[in-house]
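Report on one structure; see the data block that follows.
The values are calculated or read from the model by the stated rules, or taken from the named source; none is laboratory data. Keep in mind that this is a model prediction, so the values were computed, not measured. So basically every Cβ, Gly included, is an ideal-geometry build from the backbone, and we count neighbours across all protein chains shown. Ligands, DNA and RNA are stripped out before the accessible areas are found, and what is left, the full protein with its side chains, is counted by its heavy atoms. Shrake-Rupley method; radii C 1.70, N 1.55, O 1.52, S 1.80 Å.
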Amino acid sequence: MALADIANRLTDEVPWRTCATCHHLEQMSPADAKTLRALLADRGVRFKDLARELEEDPDSPTIPWEALSRHARGGCSARENLR
Ligand SMILES: [Zn+2]
């Protein structure tokens, strides 16, 4: 395992009071972040379903559905109104 991966794993904790969605959007590749934003903006995608899919995918971060919902509705400091 590359040292960078170890550093990522050790520092993957979401800082206190930081939006988990913001945190993980920042950590992932621009392509992944774009895809996640598109999913967050898609009214046909339920936050609970998206959170479950993320949790089941070993390559994706686990983000609680509440954090996805809050972020997509402009409820965190990023003020992104995606839906
Ligand atoms: Zn956020």
Dimensions (Å) - the range 30-83, Cα atoms, principal axes, largest first: 28, 23, 21
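Can you compute the helix-only [θ] at 222 nm over the chain? Use -39500 (n - 2.57) per DSSP H run of at least 4 residues, normalise by all residues, nearest 500 deg cm²/dmol. Present the calculation step by step, with values, prior to reporting the outcome.
Working: 5 runs with 46 residues, N = 83.
Helices in the chain give a 222 nm mean residue ellipticity of -16000 deg cm²/dmol.
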Pairwise label distance in nanometres, residue 2 with residue 81, each label 7 Å out on the Cα-Cβ vector: 3.9
The chain, accessible surface, carbon-and-sulfur percent (1.4 angstrom probe): 50
Ordering of 74-83, 17-26 by burial proxy (mean other Cβ atoms within 10 Å per residue, highest first): 17-26, 74-83
Average accessible surface area per residue within the chain, 1.4 Å rolling probe, Å²: 71
